[in-house]
1. State whether the residues of region A:103-114 include one that is outside any helix (DSSP H, G or I), within 14 Å of chain B (Cβ to nearest Cβ) and within 30 Å of B:Gln186 (Cβ to Cβ).
2. Restricting to region A:72-99, and then to whatever is more than 26 Å from A:Met3 (Cβ to Cβ) and surrounded by 23 or more Cβ atoms within 10 Å (Cβ to Cβ), can you tell me which residue is farthest from the other protein chains (Cβ to nearest Cβ)?
3. Enumerate the helices (runs of 4 or more DSSP H) found wholly within region B:332-396, keeping only those where 2 or more residues are within 14 Å of another protein chain (Cβ to nearest Cβ).
4. Are any of the residues in region B:85-102 more than 14 Å from chain A (Cβ to nearest Cβ) and at pLDDT below 90?
5. Is it the case, given these coordinates, that B:Ala7 is more than 14 Å from chain A (Cβ to nearest Cβ), part of a loop (DSSP other than H, G, I, E, B), hydrophobic (A, V, I, L, M, F, W, C) and on the phi < 0 side of the Ramachandran plot?
6. Pull up region B:141-166, narrow it to residues that are hydrophobic (A, V, I, L, M, F, W, C) and buried (at least 18 other Cβ atoms within 10 Å of the Cβ), then point me to the one that is nearest to B:Pro209 (Cα to Cα).
7. Just checking, how many residues over region A:1-60 are farther than 21 Å from A:Pro93 by Cα, assigned to a helix (DSSP H, G or I) and of a type outside the set (A, V, I, L, M, F, W, C)?
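The values are calculated or read from the model by the stated rules, or taken from the named source; none is laboratory data. Computed from a predicted model, the values in this text were never measured in an experiment. Counting neighbours? That spans all protein chains shown, and the Cβs are built from the backbone with ideal geometry, glycine included.
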Amino acid sequence: MGMKVIGVALVVVALLAVVIPVLNNCTAEGLYITTKDGRQIDMKCFWTSRASIGVAIPLGIVGLMLALSRRKETRRALGVVSILLSGVLVALPTVLIGVCAMDKTCLNVMKPSLILLGVVGVVLGVAAVVFAKSGISEEAAS
Amino acid sequence: MTLAQLALKDIVRNEFRSWMVFLSALLVAGLVLVASLVLQGTSDSLRLTQGRLGADILVVPQDSEASVESALLMGTPTRVWMPADTVDKVRAVPGVEIASPQMYLASLAGASCCTVSSMFIVAFEPETDFTVQPWLEEQLGGPLALGEAVGGAFVSVPEDEDGLKIYGYPLTLAANLEPTGGNLDQSMFLTFETARHVAGMSLTKAVQPLDIPHDSVSSVLVKVEEGADSNTVAGAILSGVPGVSVVMSLEMFDAFRTQITTVRGGLVLLLTLTIALSLMLIAVAYSMATHERRREIGVWRALGATHAHVVLSLVTQAAILAAAGGTIGVALSALAAYLFHDYIVDRLGVPFLFPSVPSLLSHLLVGLAVAVLTAILASLVPAIRVSNQDPATAMRE
């Protein structure tokens, strides 16, 4: 049951990591950089929100697989993958891409949400690795 | 086998009950921590801002009390003006020891200098000022020079710039004030002379000039003479100086205090409901678990386990689970409160000062203690009930 709870929690984290950035970025608020010739260019926040979708989807799949897996080796590997993906979730708004400095929604909602969700993901991943031993071993399964 | 080992074995064996207690404790501890952080943080911030202001009475243009209070507490720029001769009129009121004028200005919207869309700027008169000046004397050993400014805690010079460009004028950031927890931390303080210099230069250097009306001030900070009654002096100012309103130091930020009281009520209600719900959930989970294990516990009792041993074993399980859930709950909540600080300030409409590390540790311990106590209390009744049953009857069932 423990691994199911961790897996489902990871799926929830992944869903939130898609929904929150998509709804709270500068482009969603109608904010762009407008060039002299009138073109509108998307800002950092928009690209961070796009990238977070790319990280959240595999994280959700990992969560789902974790909830369904029975072998401890698989659980341990999935736990490590979820730690790595959650780490990337933290790095997106802080190191890899960043957020717009002037947009309140980006700064006050999207950035802290992604960091918090990433940390929760890391905690869940560590728990998955620690509790993986309760699963069936490779030898026993074969 | 020790009591703790026995408890750990039981925790692993009954996963549903264990998760229930763990998650309830996580929720209770997290909520207690957030509530206590927000309540103390908002009160501390109000106290600090009021202390920094240091005036007994604030004289402002008539009917502008709310916007000035909001500017001084939240750093929301305001433009209010009254004739400069108001300062002399206030000084002439019996009981007034010092009257120091201030001007409230704002940076251009979206300026590169600032992390806020429009920065609140306070200009003060160094000769009479008794709020920023003493601090400057202590920190810098002298007054601010022309072109120098003091910033709130979070004001900094952008990496690629020499100074803080306000209306095209590069100001030198001489020092930063202590944090207050609100947007006032992103405000700036400079002298009248510097403000007028910036205004003069802005005519040619800025997209839009800084407009300072001639012979006008925004407010007058009043310190009353020792032994004089502030209320009497305020009354005398109101009757003797036309076109002004007065805000007493003790009544300052009253609207924000009311706001905090409302938030406190809501948080206490939410907390009470969460604790009550957690108590019920844990009690039900334990009742079910002890009911399923009544034969096993009957065997324990028949083998010589005392009432106390049975109760202690069950309560220890609850305490271990609550401590684990509570630890994760307080850690995540502290992180969330820190990360969402600006969002909380925005939503509550009052500044919120994040506590120092020792203070934060005491909040963490309180949150953890409440979670563990809730779990112990909830598990106590089912534990006592199952320990009191007759071993022979329990084993026969």
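1. Here is the first cut: in region A:103-114, the residues outside any helix (DSSP H, G or I) are A:103.
Subset that is within 14 Å of chain B (Cβ to nearest Cβ): A:103.
Checking the rest, the ones that are also within 30 Å of B:Gln186 (Cβ to Cβ) come to A:103.
Yes - at least one qualifying residue is present in region A:103-114.
2. So the first thing to find is which residues in region A:72-99 are more than 26 Å from A:Met3 (Cβ to Cβ), and the list is A:91-99.
Of the ones still in play, those that are also surrounded by 23 or more Cβ atoms within 10 Å (Cβ to Cβ) are A:92-93, A:99.
Details: A:Leu92: 14, A:Pro93: 11, A:Val99: 12 Å.
Out of the qualifying residues, it is A:Leu92.
3. Values: elements: B:341-348, B:357-388, B:391-396.
Where helices (runs of 4 or more DSSP H) fall fully within region B:332-396 and carry at least 2 residues being within 14 Å of another protein chain (Cβ to nearest Cβ), they are B:341-348.
4. Start the filter on region B:85-102 by keeping residues that are more than 14 Å from chain A (Cβ to nearest Cβ), which leaves B:85-102.
Cutting the leftovers down to at pLDDT below 90 gives us none.
No, every residue in region B:85-102 fails to be more than 14 Å from chain A (Cβ to nearest Cβ) and at pLDDT below 90.
5. Values: more than 14 Å from chain A (Cβ to nearest Cβ): yes; part of a loop (DSSP other than H, G, I, E, B): no; hydrophobic (A, V, I, L, M, F, W, C): yes; on the phi < 0 side of the Ramachandran plot: yes.
Taking the combined requirement at face value, the residue does not satisfy it.
6. The extreme case among them is B:Ile166.
7. Initially, region A:1-60 is screened for residues farther than 21 Å from A:Pro93 by Cα, giving A:1-9, A:34-40.
Going one step further and asking which of them are assigned to a helix (DSSP H, G or I), we end up with A:2-9.
Of the ones still in play, those that are also of a type outside the set (A, V, I, L, M, F, W, C) are A:2, A:4, A:7.
Residues that pass the stated criteria total 3.
Condition check ((1) closer than 27 Å to B:Thr86 by Cβ; (2) assigned to a helix (DSSP H, G or I)) across all residues:
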| residue | (1), (2) |
| --- | --- |
| B:Pro209 | yes, no |
| B:Val220 | yes, no |
| B:Thr232 | yes, yes |
| B:Leu269 | no, yes |
| B:Leu279 | no, yes |
